[in-house]
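Novice: Just passing along the structure, written as C-alpha cells.
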Ligand code: SF4
Ligand code: SF4
C-alpha cells in the first residue's frame, strides 16, 4: 500500500492557504450542507491516517504561534508542579484575556523547549485537544479549523484530503 506523504513545509502551507482562500470559503459552505455524522467519520478516518505521518516535535508550530488558554485548576496543578505560589506563577506566566479567560502571556509558549513541551504531563486541555479532528461535530468547528489551516500541517493535510474524498471541485489555478 502506498504510504501517505503529507505536506509539512510551513512556508508552503501558509502560501497555499493564502492562494486558496476563496476555494476554502467555498469548501466550508460545501461541508456545511453535508451530513454531520458522515463528515465526522471521514475526518476522523483521515486524521487517524494522517496524524501518525506528521511529527509534532519537528513542527511545534501551534505551541509557537497560539495563545494558550487555561483554567484555574490547570493553573493550580502546574504552579504546584513547578513549586511556585499561584501569585508568582500568575505574574510570571499569565494574563487575563478580554473575556476574563486566563491565557499564557507569551508566544512561543514559555514551556516549549527544543520543540518539546517541558510540562507534558501538566499541559492544558486545549493543548491535548488540538487540532481536535478526532472529536465529533467537525461542522461546528469549521471556523476554528480554518483559522488554523495555515499553521497546522495535520489540519492542512486532512482538509486537503477531505476535498478529494468528498469529490469537491477545486478551483482551477
Ligand atoms: S503547554 Fe506544552 S503543549 Fe501547551 S502550548 Fe505550551 S509547550 Fe505547547
Ligand atoms: S498539532 Fe499541528 S501545528 Fe501543532 S505541532 Fe502538530 S502538526 Fe504542528
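Novice: Once the Cα gyration tensor of segment 67-124 is found, what semi-axes does its equivalent ellipsoid get, as square roots of 5 times the eigenvalues, in whole Å, sorted largest first?
Specialist: Values: eigenvalues 56, 42, 20 Å².
For segment 67-124, the semi-axes come out at 17, 14, 10 Å.
Novice: I want to verify a result. In a Gaussian network model of the chain, Cα cutoff 10 Å, which of these has the top mean-square fluctuation: 92, 163, 64?
Specialist: 92
Novice: Quick check on the exposure proxy: order 130, 16 from fewest to most C-beta atoms within 10 angstrom.
Specialist: Details: 130 19, 16 16.
Listed from fewest to most nearby Cβ atoms, that is 16, 130.
Novice: Once the Cα atoms of segment 1-127 are picked out, what are the Rg and Dmax in Å?
Specialist: Expressed in Å, the Cα Rg and Dmax of segment 1-127 come to 18.6, 55.
Novice: Test of understanding: in a Gaussian network model of the chain with alpha carbons linked when under 10 Å, which of 50, 154, 103 would top the mean-square fluctuation ranking?
Specialist: Highest fluctuation among the options: 103.
Novice: Neighbouring Cβ atoms within 10 Å as the yardstick, rank 89, 4, 111 fewest first.
Specialist: Ordered from fewest to most neighbouring Cβ atoms within 10 Å, 89, 4, 111 come out as 4, 89, 111.
Novice: Considering only 40, 25, 90, give the residue with the highest GNM mean-square fluctuation for the chain, with springs between Cα atoms whenever their separation is below 10 Å.
Specialist: Evaluated over the chain, the most mobile residue of the options is 25.
Novice: In what sequence do 30, 156 fall when counting other Cβ within 10 Å, fewest first?
Specialist: Numbers: 30 13, 156 25.
In increasing order of surrounding Cβ atoms, one gets 30, 156.
Novice: Go ahead and estimate [θ] at 222 nm for the chain from helices alone: -39,500 (n - 2.57) per DSSP H run with n ≥ 4, summed, over the residue count, rounded to 500.
Specialist: Values: 10 runs with 88 residues, N = 173.
Calculated mean residue ellipticity at 222 nm is -14000 deg cm²/dmol.
Taken together, the values in this text are just the output of simple stated rules run on the coordinates, not laboratory data. If you're wondering where the values come from, they're calculated on a predicted model, not measured in any experiment. Here the Cβ is made from the backbone with ideal geometry for all residues, glycine too, and neighbour counts use every protein chain on show.
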